[in-house]
Amino acid sequence: MNSQLFPNPKALIPIFLPLLYLEVLRYQKTGKRKYLLYAGLLLGLMLWSHYGGAMPVFIGLFFYALLKSRENRENKSWLLLPLVGGLIFSPFVVNVFLHIEHGASLMGEGNWLSSLSPYATIRRVLPPVWGIALLILALWKGRKCEPRDFTFFMLGIMGVVNVLPSILFIFTGIEIFPSRFVIPLHYTYLLAYFCGIVGHS
């Protein structure tokens, strides 16, 4: 945030995202659905602040909620999270579809085709070397870390969301610029680093 010379909505994502993860952890510990409602509210605010930056989080939470709800009926409460987030963001979506011009694209951010190259994609998605070491520790000895499965599921989905635009561009020529998709990925890496540290201690 130090590089922002003026208020930038996407700079709110590093604030909302940890709070969202905290509410998810509270739900996992207590089973109280109100924490999923709080998390859904934070997800909706993230989407309002920058839907491109928050989209990997929404997709990850949506699929996680679907998987959890299919395990047993008690886990259907997870669906509240993406549902509440989607409802809060729905006025924006409706307004866009009511006023979008013919031929306009919601995904284009300019002719930055270099961001879709395989090298740029790998460089964008990979954590630093010390982060890779902590990720290995988290996978190896991170069983003490309670949100470990949730964290790595979210990282996996966010990684796919970041890589998919490059695959689509290479094989179909579709230009979806993922320069904002990576924002929540690196903040989610922090949770995995914590799992590595806790598991090794």
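The values are calculated or read from the model by the stated rules, or taken from the named source; none is laboratory data. Fair warning: this is a prediction, and the values are worked out from it, not measured in the lab. Reconstructed Cβ throughout: ideal geometry from the backbone, glycine too, with neighbour counts over all protein chains shown.
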Original post:
Could we say that Ala133 is assigned to a helix (DSSP H, G or I), at pLDDT 85 or above and crowded, with 16+ Cβ neighbours inside 10 Å here?
Top reply: no
**OP:** Could you pull out the residue among Pro165, Pro127, Pro178 that is touching a Pro at 6+ places or on another chain (Cβ under 6 Å), farther than 21 Å from Ala65 by Cα and modelled with pLDDT of 85 or more?
**Re:** Pro165
**OP:** Considering each of Phe152, Phe171 in turn, give the residue that is more than 20 Å from Lys10 (Cβ to Cβ), loosely packed, with under 12 Cβ neighbours inside 10 Å and at pLDDT 85 or above.
**Re:** Phe171
Original post:
Quick one: how many residues across region 47-97 are small (Gly, Ala, Ser), over 17 Å from the mean Cα position of the chain (by Cα) and surrounded by 13 or more Cβ atoms within 10 Å (Cβ to Cβ)?
Top reply: 2
Subject >> Failed item, numbered, when Lys32 is tested on (1) more than 25 Å from Lys10 (Cα to Cα); (2) crowded, with 18+ Cβ neighbours inside 10 Å >> reply: (2)
**OP:** List every residue pair whose Cβ atoms lie under 8 Å apart, where the two residues are 6 or more positions apart in sequence or sit on different chains, the first residue falls within region 56-80 and is free of Cβ contacts under 8 Å to residues at least 12 places away in the same chain, and the second residue, located anywhere, is surrounded by 21 or more Cβ atoms within 10 Å (Cβ to Cβ).
**Re:** Lys68/Trp78; Ser69/Trp78
